[in-house]
Each structure stands twice: as structure tokens, then as C-alpha cells.
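**Student:** Attaching a single structure in C-alpha cells format; questions to follow.
The values are calculated or read from the model by the stated rules, or taken from the named source; none is laboratory data. Quick caveat, the model's predicted, so the values are computed rather than measured. Here Cβ is always computed from backbone atoms with ideal geometry, including for glycine, and neighbour counts include all displayed protein chains.
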Amino acid sequence: GAVVSQHPSRVICKSGTSVKIECRSLDFQATTMFWYRQFPKQSLMLMATSNEGSKATYEQGVEKDKFLINHASLTLSTLTVTSAHPEDSSFYICSASRLAGATNTQYFGPGTRLTVL
Amino acid sequence: AQSVTQLGSHVSVSEGALVLLRCNYSSSVPPYLFWYVQYPNQGLQLLLKYTTGATLVKGINGFEAEFKKSETSFHLTKPSAHMSDAAEYFCAVSATGNQFYFGTGTSLTVIP
């Protein structure tokens, strides 16, 4: 099956620093990728839709200046958490959309655990 | 607009017993429906999906789900639970197969 990777898998940073998380589709090209965050024992919340070559579309309530998304190529999207604070600590998961037959299927990365001290 | 409700945030079954995880959806258009499983500190793995056609969908690891339009449901079942099935399960709905909306998840515990 399709593989999506994320790097890093875990990151700990000091408050006020910025953290970049990469999402790669390893064996297919993805024109669309998605970023989710998941708080402990809660569901995934869609943060934004990342489109290759254009600006990301953010869900309501998500600060686009804080969560910078760049979809530089058909296999790479990055999420940068700027000036991170402890409340940004969460599990961030990306997914890549791949056309399978007549429908799109989402393939999820393994997630990145961000801890802000 | 799409949304998903998963009844029961925690389900416990004995090993070998039937697994039933409930999912009801709301969608203004014919939905695509998905079940994902998540193990601790890992991403989501697709169990099965319904797009069109046969309403009984078979997935990996012996799971299956039936799309019932009249009941707006997409419940997940497995005839015989295994210890390795213990995980968090998420139901998701999508109008296009792109933007997904997830339920709050059901934690499955399998009792030996």
C-alpha cells in the first residue's frame, strides 16, 4: 500500500522556538495533503488542506500565521509551528490523498509528537 | 456538511467474542465512509472504506462494515476478537474522499 512518512517522529522544544514537521508521500504523488492535530484521547481535528503550488486552506479557528504550511512538491508538505508554546503540544498527523480507481483515498503518516516545554 | 457520531467511547469484549463498534453519519451528499485503527503513538491505518456499490465492505484483519443508508449507519464488526485488536478505532466521513471528518473514536479493550 501507499506509504506516507513524517519527520521527526518526536520533537521537544523550548517555548518560543519554531518547529518544522515534514510529511512525505514515498511512493506516489500527492497534489493534496492534509494536516491534523490530535489531543490525548481525542479525535483528529483537521487543521488545513495543503495544495501543491498554492496556498493552504485553513479550517476555522486555526491560525495560519502560527501554523505555516508549505507544499513544495508533489511528495512533500511541511508544517511549521511558529513561536511554539506549551498549548501547542500535541500529536500532529498528516495525510496524503491518492486517487485509487474513481475515488480518493487518504493515507496517513505515523504522526509527530510535539512537546513544548 | 458532514459529521460522524461514534456511540461508546470505550468498548470491552472478551477474546473470541463479537466486536461491534457503532458509527452514525450525517451527510448532505452521498458519503464516502471509512474506518481507521490507531495503535498508541502511531498514525492511522485504513481498515476499510465504502464508496459505492456493495454495501457490505470487507476490510483487513477480519473486519467488515455495512453501509445502511436508511439508518445512516456504518457499524464495524468482527466475528471473533483477538488480543491484537485492542486499539482506538475511528469512523470518518467524506464527501469527496479528500477532506475527512472523524468521529471521537472508540477505544476497544479485549479481555483475555
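**Student:** Any residue at all in region A:41-52 that is of a type in the set (D, E, K, R), on the phi < 0 side of the Ramachandran plot and more than 11 Å from the chain's Cα centre (by Cα)?
**Tutor:** yes
**Student:** Looking only at region B:40-49, how many residues end up being modelled with pLDDT of 85 or more and facing chain A (nearest Cβ under 10 Å)?
**Tutor:** Matching residues across region B:40-49 total 4.
**Student:** Next question. Considering every residue within region A:7-22, establish whether at least one is on the phi < 0 side of the Ramachandran plot and in contact with a Cys (Cβ under 8 Å, 6 or more places away or on another chain).
**Tutor:** Yes, there is a match, as at least one residue in region A:7-22 is on the phi < 0 side of the Ramachandran plot and in contact with a Cys (Cβ under 8 Å, 6 or more places away or on another chain).
**Student:** Sticking with this structure for a sec: Inside region A:30-58, can you point out the residues that are without any contact (Cβ under 8 Å) to a residue 24 or more places away in the chain, in a loop (DSSP other than H, G, I, E, B) and polar (S, T, N, Q)?
**Tutor:** Correct list: A:42, A:43, A:54.
**Student:** Among what's in region B:61-94 and is within 14 Å of the chain's Cα centre (by Cα), over 11 Å from residue B:35 (Cβ atoms) and small (Gly, Ala, Ser), pick the residue that is modelled with the lowest pLDDT.
**Tutor:** B:94
**Student:** Restricting to region B:55-66, and then to whatever is without any contact (Cβ under 8 Å) to a residue 24 or more places away in the chain and within 14 Å of chain A (Cβ to nearest Cβ), can you tell me which residue is farthest from residue B:24 (Cα to Cα)?
**Tutor:** B:60
**Student:** So in region A:69-117, with the set limited to residues that are in a loop (DSSP other than H, G, I, E, B), facing chain B (nearest Cβ under 9 Å) and touching a residue at least 12 places away in the same chain (Cβ under 8 Å), which one is surrounded by the fewest Cβ atoms within 10 Å (Cβ to Cβ)?
**Tutor:** Per the criteria, the residue is A:110.
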